[in-house]
Structures are given as C-alpha cells and as structure tokens.
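A short write-up of the structure that comes next.
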Protein chains: 2
Amino acid sequence: MSLSMYEASVPVFQRALGNLDALLRQGEEHAAAAGLDLSELAAASLAPDMLPLTGQIQRASDSAKFAAAHLTGTSGPSFPDTETSFEELHQRIAATLAYLASVDPADLEGSETRAIVQKSQRGERHFVGSSYLLTFALPNFFFHVTTAYGILRHKGVPVGKADYLGAF
Amino acid sequence: MSLSMYEASVPVFQRALGNLDALLRQGEEHAAAAGLDLSELAAASLAPDMLPLTGQIQRASDSAKFAAAHLTGTSGPSFPDTETSFEELHQRIAATLAYLASVDPADLEGSETRAIVQKSQRGERHFVGSSYLLTFALPNFFFHVTTAYGILRHKGVPVGKADYLGAF
C-alpha cells in the first residue's frame, strides 16, 4: 500500500477545515480592530458573480462531506446553507468536522474502485473512487478553502500562507 | 494498494497545470476583447502584499516540480522566475509539464516513507513522503492554481469553476 483512500481524503479535509476555522477567527479579530462590519466581510467576494465568503465555506464543507459520503457509499448530514454570520460558519465547520470524525477508515477500504455518480447542474459525472477523489473532490475542496482565504486577504485580513497551510 | 504516490501527485499536477494554461488563454482572449492591457493582468493580485498572477503561476509550477523532485529524491529543472508576459507563463507551464512527463512512476515507489526536508524562510520542515504530499505539496499547489484563477475572475475574465476543474 502507498496511500490509503482514507489517508488521502478525510484527514486532509479535517486539517484544512481546522485551518479555515482559524482563518475565520483572524477575520473576526481584524474586523473588530479595524471597525469593519462582520456582515460585510461575510458577504464579500472576489468578483460580483462569485460566491461570497459564506458560500465558499458552505461549499468547502459540502466538498468534504460529499467526498466522505460518496467514498463510503453513504449519505452525509444535510446542511441547508443558511449560514450568514461568522458564528454560524464556525458551527458549519464544526458540524462538518464532527461528521468526518465519525467516518470509519475501514469504510473507505476498496473505495478506489467504487463507482461514483456525481450530480451537478451540468448533468451526471461518472467516476471510480480514485478518479473522483483526485480529479474532482480534492481540487474542488481546495478551491473553496483557498478562495475563502483570498477573500479575507482581499479585504485586508492579515493572514498568510502559513495560516492556510497550518502548523507542521 | 489503494492509491500510488505517483497517481496522487504527478497526474494531479499535470491535469491542473493543463487547466491553468487554458485559463491563461481565456485571460488573453478577454483582455484582447475588453481592451485590457495584458501586462496589467499579469501583474494583478488579490491584495497589495500577495503575489501577482505571474508569481502564482511560478509558485504553482514550483510546487509541482519540487513535489516530483522530492518524492523521487532528485533535483528538478531550475526555473529562474523571470516570466512577465503571458507567452513566458505558457512556456513556464510547458517546461513544468515536460519535466513531469519525464518522471518515471517507478521512481515514486516507496516514496510514502521517504524522508523529505523542505526548506522555507521559516526554517526546515521534516516530513515523510506521504505527509509531505498530503499536508504540504497538494494544498500548496492548489492554493496557487486557485489564486491564479481568482485573480483572473477578479479582473473580469469570464471563466468558471468548470474551467478550473477541467473536462471529465
């Protein structure tokens, strides 16, 4: 064995979601110090037709949740995407982390060949577990975490790449 | 075996770098149509103290190159980070892809336990191959690809998530 499917998915999501939670805290601290309205920060985006910070957190959460659910052939918890405040975003991340912590590594054994159908607005995409994880789930997950980071940076929050990567 | 170290690294970088090259082409087409100066687009960033588009491409290239080099215990090609034009950025991506194509999958066998020392401005970080790939190389690589995408979106280039993810 080189890498298990579990090792390349759940702990990767857990680590980045923990870092993302800390980035949000730094956003709150900056907003308080700079007199910036937190609701403005939560609604900020990089382009008028891109998801705001709230949406990036929701999609990061969903990317991780759906990956764990698809790879184990189960359904994850339902998250209705109603978060607007930072406190609610922290709760969303905590709920996602609680779900990921409940995933049994044994349930991902053999998932590299599991047939996965991923539904999107563009129709159905058919994968096996390994291609799903490597060509869709991981790139999509990091897209949303990084874009959330980019929004914070764009709004002046003094975070750095080391905060995104987390402690080593 | 679930995932090989090769499968979880080199083809992932190749795919995303190909998508990134296509995103740059779309940036050039948009700039031509909108009368936007290409050098302004190449120098654009999401925050005054973040790397511009050129720097994000250089770091995406380096992230992929260093990952392949560290995991195979070799040295990759030297890229002096002199790119300023879109044409030079395409050449940088092409050179990175040429290097990645030269990597023999067999040379990554067993790399999950290879000791890797990664030097940064903050000092040395010590990894084994699997933790290096999953906690540093992949998150760092997608950070730079996504930030390049975010800069293009922020400057009005009409690309979408499907362009970032690439064809399935």
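Give, as residue ranges, the helices (runs of 4 or more DSSP H) completely inside the range B:76-168 that count at least 1 residues that are under 18 Å from B:GLU28 (Cα atoms), of a type outside the set (Gly, Ala, Ser) and facing chain A (nearest Cβ under 10 Å).
B:138-154, B:161-165
For the range A:41-54, filtering for residues that are touching an Asp or Glu at 6+ places or on another chain (Cβ under 6 Å) and either within 12 Å of chain B (Cβ to nearest Cβ) or without any contact (Cβ under 8 Å) to a residue 24 or more places away in the chain (or both) leaves 0. Filtered by the rule that a residue be without any contact (Cβ under 8 Å) to a residue 60 or more places away in the chain and open to solvent by 60 Å² or more (accessible area, probe 1.4 Å), the range B:96-115 gives B:ALA98, B:SER102, B:ASP104, B:ASP107, B:THR113, B:ARG114, B:ALA115. Of all the listed residues (A:ALA64, A:ALA33), the sole one being in contact with a helix residue (DSSP H, G or I) (Cβ under 9 Å, 6 or more places away or on another chain) and aliphatic (A, V, I, L, M) is A:ALA64. Give me the pairs: first residue in the range B:20-40 and closer than 15 Å to B:LYS161 by Cα, second residue charged (D, E, K, R), beta-carbon distance under 6 Å, and six or more apart or on different chains, which are they? Note: pairs meeting the criteria are B:LEU23/B:ASP163.
Residues that are open to solvent by less than 10 Å² (accessible area, probe 1.4 Å) and touching a residue at least 60 places away in the same chain (Cβ under 8 Å) were ranked within the range A:64-85; the one that is nearest to A:LYS155 (Cα to Cα) is A:ALA64. Filtering B:GLN118, B:GLN56 for residues that are surrounded by 13 or more Cβ atoms within 10 Å (Cβ to Cβ) and modelled with pLDDT under 95 leaves a single hit, B:GLN118.
Here is the figure for the range A:27-37: residues that are open to solvent by 50 Å² or more (accessible area, probe 1.4 Å) and in a helix (DSSP H, G or I) total 4. Among the residues of the range A:13-22, is any out of contact with any Pro (no Cβ under 6 Å at 6 or more places or on another chain), away from every other protein chain (no Cβ under 12 Å) and open to solvent by 60 Å² or more (accessible area, probe 1.4 Å)? No, the range A:13-22 contains no residue that is out of contact with any Pro (no Cβ under 6 Å at 6 or more places or on another chain), away from every other protein chain (no Cβ under 12 Å) and open to solvent by 60 Å² or more (accessible area, probe 1.4 Å).
Among the residues making up the range B:69-111, those that are closer than 12 Å to B:VAL10 by Cβ and within 12 Å of the chain's Cα centre (by Cα) are B:THR96, B:LEU97, B:LEU100.
A count restricted to the range A:38-49 and to residues that are in a loop (DSSP other than H, G, I, E, B) and open to solvent by less than 20 Å² (accessible area, probe 1.4 Å) stands at 3. As a summary of the residue check, B:GLY123 satisfies the conditions (1) farther than 24 Å from A:GLY160 by Cα; (2) surrounded by fewer than 17 Cβ atoms within 10 Å (Cβ to Cβ) except for the one numbered (1).
The values are calculated or read from the model by the stated rules, or taken from the named source; none is laboratory data. Please read these numbers as outputs of a predicted model, since none were measured by experiment. Cβ sites come from the backbone with ideal geometry, for glycine too, and all protein chains shown count toward neighbours. Just so you know, the surface numbers come from the protein's heavy atoms only, side chains and all, with ligands and any DNA or RNA stripped out. Shrake-Rupley method; radii C 1.70, N 1.55, O 1.52, S 1.80 Å.
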